[in-house]
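Since the structure comes first, as structure tokens, the remarks are kept for the end.
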Amino acid sequence: MASRHFITLLDLSKNELNALITRAIELKAIQYAGTHYEPFKNKVLAMVFEKSSTRTRVSFETAMAQCGGSAIFLSPRDTQLGRGEPIEDMARVLSSMVDCVMLRTFEHEKLERFAQFSKVPVINALTDFCHPCQLLADIQTYVEHRGSIQGKKVAWIGDGNNMCHSYILAARQFDFSLAIATPAEYRPNAHITASAKGYVSVSTDPVQAITDADLVSTDVWASMGQEEEQKKRVQVFEPYQVNAQMMFLAKPDALFMHCLPAHRGEEVSADVIDGNQSVVWTQAENRLHSQKALLEFLLTKK
């Protein structure tokens, strides 16, 4: 049987994704109860990083360790990939030695090529196109606090980046309405937006997007690799800051999320991210639990 990969949220069915969220909540309860559960015994995860990370590395490495397996961290300095080895060659070799590969890189096409030549499951731990693992944690967090996200209104305020793309795919897979507000020149990919027709609306008006939202999410204005654009982006995105005045327009029980790291005073005000509607710390922790569920699904076929 061919390996299942997790390159985007579309790689799993709607039923599989909802089951994954349910399982993540169960696995979180198992950990909190202090129960030993080691389904990954003798399993090895290779973690290939071309982009640095805090939450992604720690959550995957901890998930493997707590479930009886192990993880190997590989930076560009640790592999021949950093010296120009073809991605196809690395995929063939690495997948012959480990049970799963997690790849965090810039070019989405590189990840797709790796998966094409891999004998084992490949997980997208972030590309410039999307970040599906983060959305598993986000949906888990919403479900824990408010129940099903189906039929709810989610507002994305800010850059039409990889996180925005992930929310577009999530709207399709989890059946919610997504209102995106971003400056005209920073809109999300038109093709991916068109693929979610009926689920997604895009405008330049943050007030329209956030009004009556059940969930509000944002991200930094300049992502990794865009640091030279920071000064320009701060000026362009200033009207898109999620602050208390903006959150007041959402529903009274609306939640605020941010994938972190956050820049207080830029994309979000301190009183919002540190306020009582913010669930960013639970959201960050849930990377561990949702990824355990994903690894269990890919490694044990459960």
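The values are calculated or read from the model by the stated rules, or taken from the named source; none is laboratory data. Everything numeric here is computed off the predicted structure, so don't read it as measured data. Please note: Cβ atoms are built from the backbone with ideal geometry, for glycine as well, and neighbour counts cover all protein chains shown.
The rows are residues; the columns are (1) loosely packed, with under 15 Cβ neighbours inside 10 Å; (2) not in a helix (DSSP H, G or I).
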| residue | (1), (2) |
| --- | --- |
| L20 | no, no |
| A24 | no, no |
| K28 | no, no |
| Q31 | no, no |
| K41 | yes, yes |
| S53 | no, yes |
| R57 | no, no |
Of the candidates Y142, Y167, the one satisfying the condition of being free of Cβ contacts under 8 Å to residues at least 60 places away in the same chain and either aromatic (F, W, Y) or over 29 Å from A24 (Cα atoms) (or both) is Y167
Which residue is surrounded by the most Cβ atoms within 10 Å (Cβ to Cβ), if the candidates are limited to the stretch 194-208 and must be more than 26 Å from N243 (Cα to Cα) and within 20 Å of the chain's Cα centre (by Cα)?
A196
Pick from A63, A29: which is over 17 Å from the mean Cα position of the chain (by Cα) and modelled with pLDDT of 95 or more?
A29
Among G225, G151, G198, G160, which is at pLDDT below 95, part of a loop (DSSP other than H, G, I, E, B) and over 23 Å from A270 (Cβ atoms)?
G225
Return yes or no: is F117 more than 21 Å from the chain's Cα centre (by Cα), surrounded by fewer than 20 Cβ atoms within 10 Å (Cβ to Cβ) and hydrophobic (A, V, I, L, M, F, W, C)?
yes
Return a yes/no flag: does the stretch 75-87 have any residue that is in a loop (DSSP other than H, G, I, E, B) and touching a Ser or Thr at 6+ places or on another chain (Cβ under 9 Å).
yes
Limited to the stretch 100-114, what total is found for residues that are under 15 Å from R4 (Cα atoms), surrounded by fewer than 21 Cβ atoms within 10 Å (Cβ to Cβ) and either touching a Leu at 6+ places or on another chain (Cβ under 6 Å) or modelled with pLDDT under 95 (or both)?
0
